[in-house]
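Peer 1: Next up is a structure, given as structure tokens.
The values are calculated or read from the model by the stated rules, or taken from the named source; none is laboratory data. The shown structure was predicted, so the numbers you read here are calculated from the model rather than taken from an experiment. Ideal geometry is used to build each Cβ from the backbone, glycine not excepted, and the neighbour counts take in all protein chains shown.
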């Protein structure tokens, strides 16, 4: 059984108050795969790239147990490109350039070898594409996780509602949760969103951690206070990769295990922001990850005696 990851594999050019990158490797599926491959394999990647996407990047992922049979290479076209500039708070950013290129006409075809999919992670993409992947699955995966963004709420709401009715877990940030639900209170927002289909809702709050909702249960995971946040690009996707990687490794989709998965995801995201792009994710070892997860445990561990 396997984990199938759907999303963009792309180029980014990033400016932050602390530095500037030239064209570097990015894309939701790239970050998710690098993160998840620390926990679960095989990971089966479903994406599209142009002839300009470095073959060695695919080979590095393959060496980590990522299957790329579902990555379509359009030799005569260019890969998706995004350029952005972050403000001093590192939470707000301006998009400087978006070139859809191969993503403009992406019609994913799920290979037969991906039909053993037990866990499906749908990275942020056009909702119609996410929906098409679900519809191609011959049997429903044990868990379907979906990430989306405010842009689709503004431009493709009908398609987004359709795909939300088919997923188990939705990941959005706090402003997206408010926009999707038309509620300011995140607790009220969660109830509205879960009525749209997802049984679980994860609301990412950047440097302020993440919330997990299920029925009337709520869990909060902090973010690790970091001295240096160099580049937040891909942190949400890295979080998603850690989350689904842990779930796929343990094969346990209970609320209790999802709490652990959120801590794992938060730990992975805390590495991602330390350097530009996927650089830091390519360097870390299991010992690094274990130590970082332990830091999270210490961060919120306290004994209390009520008198």
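Peer 1: Quick check: is even one residue across segment 260-271 buried (at least 17 other Cβ atoms within 10 Å of the Cβ), touching a helix residue (DSSP H, G or I) at 6+ places or on another chain (Cβ under 7 Å) and not in a helix (DSSP H, G or I)?
Peer 2: no
Peer 1: A further question follows. Go through the residues of segment 88-100 one by one and say whether even a single one is surrounded by 20 or more Cβ atoms within 10 Å (Cβ to Cβ) and touching a residue at least 24 places away in the same chain (Cβ under 8 Å).
Peer 2: no
Peer 1: Shifting gears a bit: Do we have residue 300 as at pLDDT below 95, surrounded by fewer than 21 Cβ atoms within 10 Å (Cβ to Cβ) and within 30 Å of residue 183 (Cβ to Cβ) here?
Peer 2: So residue 300 fits the description; yes.
Peer 1: Another one. Considering (1) modelled with pLDDT of 95 or more; (2) surrounded by fewer than 20 Cβ atoms within 10 Å (Cβ to Cβ); (3) outside any loop (DSSP other than H, G, I, E, B), say which one residue 70 fails and leave the rest.
Peer 2: It is condition (2) that residue 70 fails.
Peer 1: Might you let me know whether segment 215-229 holds any residue that is part of a helix (DSSP H, G or I) and without any contact (Cβ under 8 Å) to a residue 24 or more places away in the chain?
Peer 2: No, segment 215-229 has no match at all.
Peer 1: Being part of a loop (DSSP other than H, G, I, E, B) and farther than 19 Å from residue 240 by Cβ: is that true of residue 76 here?
Peer 2: yes
Peer 1: Something else about it: Taking the conditions exactly as written (at pLDDT 95 or above, closer than 13 Å to residue 240 by Cβ and part of a loop (DSSP other than H, G, I, E, B)), does residue 53 satisfy them or not?
Peer 2: Criteria not met by residue 53.
Peer 1: Being at pLDDT 95 or above and on the phi > 0 side of the Ramachandran plot: is that true of residue 259 here?
Peer 2: In short, no.
Peer 1: Next question. Which one is farthest from the chain's Cα centre (by Cα) among residues in segment 283-297 that are exposed (fewer than 14 other Cβ atoms within 10 Å of the Cβ) and in contact (Cβ under 8 Å) with a residue 60 or more places away in the chain?
Peer 2: 295
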